[in-house]
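The structure under discussion appears below in the form of structure tokens.
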Amino acid sequence: MYDAVIIGGGPAGMGAAASAYQNGIESVLILERADSLGGILQQCIHSGFGLHKFSEELTGPEYSLQYEQIIHDLGIEYLLNTMVLKISPQRVVTAMNESDGIFEIKAKAVILATGCRERPRGALAISGSRPAGIYTAGTAQKLVNINGYMPGKDIVVLGSGDIGLIMARRLTLEGAQVKAVCEVLPYPGGLARNVQQCLNDFDIPLKLSCTVTQIHGSKRIEGVTISKVDSDKKPVLGTKQFIPCDTLLLSVGLIPENELAKDAGIKIDDSTGGAAVNRDYQTSISGIFACGNALHVHDLVDHVSDEAELTGKAAADLVKRGLGNG
Ligand SMILES: Cc1cc2nc3c(=O)[nH]c(=O)nc-3n(C[C@H](O)[C@H](O)[C@H](O)COP(=O)(O)OP(=O)(O)OC[C@H]3O[C@@H](n4cnc5c(N)ncnc54)[C@H](O)[C@@H]3O)c2cc1C
């Protein structure tokens, strides 16, 4: 039996684990399905992380390293390449990896720090066929920054959230031509600094109140039709414009990764899509906590770390009061 098992080894998981340990419980285990700690930060090689937390501008991997060092210094256990399949309301965690097969771990407290996932094309009602060349922005980021592949040369980005803006700049720096970033709202979705540094500085057009209404191409995407939208986000007749492209990137929202929570019967908050929690970040099931993007989508990782530290402390307090023994 562990005092605390943390699911996910991103900044939320690492911050919560370190804080639980520093607040008086020593048997802490992180379970991470990827082959390294760090979560999404490992593919975010741009700078802009850590301004609040460390008062310096770090890249994602540099920010992650600060917490990985703390985990190593405290001697906190972690298992990589380990996928958590299920948690029970009694805090039994079922996981699997190549060396141990399927196994169960009982914990006095469980912290969900599983991050979020991207909204895919299926969540949008765009007409047209299903050609290759359509990626979520985060997938394209992983292809370019981790795997070393370019997704295409002539790009249209749908959605002006931070990931879309950052990828518009990244692909431009790698030699692609980003023809437009289309945003259905009348204002950009990402941070003002990203609009300036990722689009304006590279003369990439931002088309507001605009969306992709048709995808063209059979084997590979050959272009998109974009249209202006009205205040109800409905396409306005007579405003169609065809843009030839070989790649469409979707940056149309993130959803908390909450399948484990739902399966366990944890109450979900309709407004965030993550678990509903009390002021101690405890879910509707006693002894199960949630933090980071699994709880609600955060713009800044610094806020994720702050929240994770509070969650780790709350979990440690519960264990020290003997409430997780059942
Ligand atoms: C493209 C992009 C750009 C960003 N740019 C900035 C920026 O410039 N500045 C800034 O401050 N913030 C930025 N952010 C935000 C910040 O990186 C995130 O808010 C933060 O990383 C979220 O941390 P997390 O630990 O909650 O989630 P994640 O980092 O996603 O970590 C979750 C971890 O849980 C693991 N996991 C999930 N399910 C399971 C399971 N069942 N079993 C085992 N492990 C599991 C995943 O593998 C992952 O490692 C950016 C985010 C993205 C996506």
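What number of residues within region 17-33 satisfy the criterion of being open to solvent by less than 40 Å² (accessible area, probe 1.4 Å), within 23 Å of residue 96 (Cα to Cα) and within 13 Å of the ligand (Cβ to nearest atom)?
5
Is at least one residue of region 37-46 over 16 Å from the mean Cα position of the chain (by Cα) and within 11 Å of the ligand (Cβ to nearest atom)?
Checked region 37-46: no residue is over 16 Å from the mean Cα position of the chain (by Cα) and within 11 Å of the ligand (Cβ to nearest atom).
From 310, 323, 254, grab the single residue that is at pLDDT below 95, open to solvent by 10 Å² or more (accessible area, probe 1.4 Å) and either within 14 Å of the ligand (Cβ to nearest atom) or over 22 Å from residue 88 (Cα atoms) (or both).
Details: 310 fails: at pLDDT below 95; 323 fails: either within 14 Å of the ligand (Cβ to nearest atom) or over 22 Å from residue 88 (Cα atoms) (or both).
Result of the check over 310, 323, 254: 254.
Evaluate the following for residue 129: is it over 23 Å from residue 49 (Cβ atoms) and either open to solvent by less than 10 Å² (accessible area, probe 1.4 Å) or away from the ligand (no atom under 16 Å from the Cβ) (or both)?
yes
Just give me the residues in region 279-302 being surrounded by fewer than 19 Cβ atoms within 10 Å (Cβ to Cβ) and near the ligand (Cβ under 8 Å from one of its atoms), in sequence order.
Filtering region 279-302 down to residues surrounded by fewer than 19 Cβ atoms within 10 Å (Cβ to Cβ) leaves 279-280, 284, 286, 297, 299-300, 302.
Scanning region 279-302 gives 297, 299, 300, 302.
Quick test for you: out of 262, 233, pick the one residue that is out of contact with any Phe, Trp or Tyr (no Cβ under 7 Å at 6 or more places or on another chain) and outside any loop (DSSP other than H, G, I, E, B).
When all the criteria are applied, what remains is 262.
Is at least one residue of region 155-173 over 22 Å from residue 299 (Cβ atoms) and in a loop (DSSP other than H, G, I, E, B)?
no
Under 8 Å between Cβ atoms, which residue pairs at least 6 apart in sequence (or on different chains) link something in region 104-118 that is modelled with pLDDT under 95 with a partner that is of a type in the set (Ser, Thr, Tyr) and open to solvent by 50 Å² or more (accessible area, probe 1.4 Å)?
What qualifies is 118/139.
Among the small types (Gly, Ala, Ser), in contact with a Ser or Thr (Cβ under 7 Å, 6 or more places away or on another chain) and without any contact (Cβ under 8 Å) to a residue 60 or more places away in the chain: which single residue out of 47, 64, 129, 55 fits that description? Give the steps one after another, and end with the answer.
Values: 64 fails: in contact with a Ser or Thr (Cβ under 7 Å, 6 or more places away or on another chain); 129 fails: without any contact (Cβ under 8 Å) to a residue 60 or more places away in the chain; 55 fails: in contact with a Ser or Thr (Cβ under 7 Å, 6 or more places away or on another chain).
Checking each option against the conditions leaves just 47.
Could we say that residue 186 is touching a residue at least 12 places away in the same chain (Cβ under 8 Å), open to solvent by 50 Å² or more (accessible area, probe 1.4 Å) and under 25 Å from the mean Cα position of the chain (by Cα) here?
Values: touching a residue at least 12 places away in the same chain (Cβ under 8 Å): yes; open to solvent by 50 Å² or more (accessible area, probe 1.4 Å): yes; under 25 Å from the mean Cα position of the chain (by Cα): yes.
Criteria met by residue 186.
Restricted to region 66-97, and to residues that are over 21 Å from the mean Cα position of the chain (by Cα) and among the charged types (D, E, K, R), which residue is most open to solvent (accessible area, probe 1.4 Å)?
73
For residue 69, all conditions in the list (1) modelled with pLDDT of 95 or more; (2) within 10 Å of the ligand (Cβ to nearest atom); (3) of a type in the set (S, T, N, Q) hold save one; what is the number of the exception?
With (1) modelled with pLDDT of 95 or more; (2) within 10 Å of the ligand (Cβ to nearest atom); (3) of a type in the set (S, T, N, Q) applied to residue 69, the lone miss is (2).
The values are calculated or read from the model by the stated rules, or taken from the named source; none is laboratory data. It should be emphasised that the depicted structure is a prediction, and the values quoted were computed from it without experimental measurement. Counting neighbours? That spans all protein chains shown, and the Cβs are built from the backbone with ideal geometry, glycine included. To get the accessible areas, we keep the full protein, side chains included, count just its heavy atoms, and leave off ligands, DNA and RNA. Shrake-Rupley method; radii C 1.70, N 1.55, O 1.52, S 1.80 Å.
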